[in-house]
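Below you'll find the structure, written out as structure tokens, and then a few comments.
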Amino acid sequence: RKEVEQDPGPFNVPEGATVAFNCTYSNSASQSFFWYRQDCRKEPKLLMSVYSSGNEDGRFTAQLNRASQYISLLIRDSKLSDSATYLCVVNTGDSSYKLIFGSGTRLLVRP
Amino acid sequence: EAGVAQSPRYKIIEKRQSVAFWCNPISGHATLYWYQQILGQGPKLLIQFQNNGVVDDSQLPKDRFSAERLKGVDSTLKIQPAKLEDSAVYLCASSLDRRYEQYFGPGTRLTVT
């Protein structure tokens, strides 16, 4: 079983749509959770951290379910510029704070 | 503020040759990471430095890969000899400390023929 699993997509949605990505992780000791965004042939960049209480940043909402070891990202009112790969990331829960990346979910927003 | 710098941006070599990549982290960042990203996969951590000491190198293929961070600033990653399966993007990242956000460099795209 992979440490972090994501649906690879692609998710092909029209502008203005709402889209949700899910991610599961296997290490119950993980303490920190993130969503990174990676544009084609570019480096990953932090989109948002994910907190136990859930958090929102503009059109983006992230949620964490520790009991089910499940993380989600919701994007409302999709823009063309949201087209990218979204990487689910968790830490190992030990003192190294090492990050484990999922393989990513590709989003294509069409006009 | 300058970001993480990497060079070269692209490299093509034949199998069994050697190659080295260079990374200059953001000034003041104590933690430096080297990742390997194969097409269609997420980045995989190869080695993590805290200042000039190694924190984790459990996924570094030590028979062919080596890395150093002399003086706790710049770092080099070397592959010797390269194999076809080493074709990937090698990403360097740095963070203020291991608990803080990681900032990635643009990466070096390696093709082994």
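With label points built 7 Å along Cα→Cβ from the Cα atoms of residue B:101 and residue A:32, find their separation and express it in nm.
Here the answer is 1.2 nm between the modelled labels.
Quick check: at a probe of 1.4 Å, how many percent of the accessible area of segment A:2-111 sits on carbon and sulfur atoms?
Values: 2510 of 5290 Å².
It is 47 percent, rounded to a whole number.
Within 10 Å of each Cβ in peptide B:36-44, how many partner chain Cβ atoms are there on average? Round it to a whole number, please.
On the way: counts 0, 5, 1, 0, 5, 5, 16, 10, 2.
Mean inter-chain Cβ contacts per residue within 10 Å come to 5.
Could you tell me which residue out of A:75, A:101, A:16 lies farthest along the dipole of the protein assembly as shown toward its positive end? Charges go on the beta carbon: Lys and Arg +1, Asp and Glu -1, centred on the Cα centre.
Positive-most Cα among the choices belongs to A:101.
Taking the solvent-accessible surface of protein heavy atoms with a 1.4 Å probe, what is the per residue accessible area of chain B in Å²?
On the way: 5670 Å² over 113 residues.
Result: 50 Å² of accessible area for each residue.
Once you've got the GNM for chain B with C-alpha springs shorter than 10 Å, pick whichever of B:36, B:102, B:17 has the biggest mean-square fluctuation.
Maximum among the listed residues: B:17.
Taking 37 °C and 0.692 mPa s as the conditions, I'd like the Stokes-Einstein D for chain A in µm²/s, using the Kirkwood hydrodynamic radius from alpha carbon pairs. Walk me through the intermediate numbers first.
Working: Rh = 14.1 Å.
Translational diffusion coefficient: 234 µm²/s.
Over all distinct alpha-carbon pairs, what is the Kirkwood Rh of chain B in angstrom? Walk me through the numbers before you get to the answer.
Details: mean 1/r = 0.0721 Å⁻¹.
After inverting the pairwise mean of 1/r, the radius is 13.9 Å.
Below 14 angstrom from the Cβ of residue A:103, what's the summed charge of the other residues (Lys, Arg +1; Asp, Glu -1)?
Details: positive: A:1, A:2, A:106, B:44; negative: A:3, A:5, A:7.
Residues near residue A:103 contribute +1 overall.
Take B:73, B:112 and sort them by solvent-accessible surface of the protein heavy atoms, 1.4 Å probe, largest at the top. It would help to have the intermediate numbers written out before the result.
Values: B:73 70, B:112 10 Å².
Per-residue accessible area, sorted high to low, gives B:73, B:112.
Using a basic spin-label model with each label point 7 Å from the Cα along Cα→Cβ, how many nm lie between residue A:96 and residue A:3?
It works out to 0.7 nm between the two label points.
To the nearest Å, what is the center-to-center distance of segment B:1-77 and segment B:81-100, using C-alpha atoms only?
If you average the Cα positions of each part, the centres end up 5 Å apart.
Report, ordered by chain and residue number, the aspartates and glutamates lying within cross-link reach of residue B:15, taken as a straight Cα distance under 19 Å and ignoring same-chain residues fewer than 8 apart.
B:63, B:85, B:86
I'd like the residues of segment A:13-51 whose 1.4 Å-probe accessible area shrinks by no less than 30 Å² going from the isolated chain to the full set of protein chains.
Residues shielded by partner chains are A:36, A:38, A:41, A:43, A:44, A:46.
List, in the order given, every pair from A:45/A:98; A:42/B:11; A:42/B:78; A:98/B:11 whose Cα-Cα distance in the structure shown is over 18 Å. Spell out each step's value before the answer.
On the way: A:45/A:98 16 Å; A:42/B:11 16 Å; A:42/B:78 22 Å; A:98/B:11 28 Å.
Where the Cα-Cα span goes over 18 Å, the pairs concerned are A:42/B:78; A:98/B:11.
Determine the principal axes of the Cα atoms in the protein assembly as shown, then give the extent along each, sorted from largest to smallest and rounded to whole angstroms.
Principal-axis extents of the protein assembly as shown (Cα, largest first): 48, 39, 37 Å.
If you place +1 on the Cβ of every Lys and Arg and -1 on the Cβ of every Asp and Glu, how big does the dipole about the Cα centre of the protein assembly as shown come out, in debye to the nearest 20?
500 debye
Around residue B:102, with a cut-off of 12 angstrom between Cβ atoms, what is the net charge of the other residues, counting Lys and Arg +1 and Asp and Glu -1?
Numbers: positive: A:45, A:98, B:98, B:99; negative: A:43, B:97, B:101.
Charge balance in the 12 Å sphere: +1.
For the pairing of chain A with chain B, what total accessible surface becomes buried, with a 1.4 angstrom probe, in square angstrom to the nearest 100? Working shown, then result.
Numbers: alone 6280 and 6420 Å², together 11160 Å².
Summed over both sides, the interface buries about 1500 Å².
The values are calculated or read from the model by the stated rules, or taken from the named source; none is laboratory data. Keep in mind that this is a model prediction, so the values were computed, not measured. Glycine also receives a Cβ, built like all others from the backbone with ideal geometry; neighbour counts cover every protein chain displayed. Heavy atoms of the whole protein, side chains included, go into the accessibility calculation; ligands, DNA and RNA do not. Shrake-Rupley method; radii C 1.70, N 1.55, O 1.52, S 1.80 Å.
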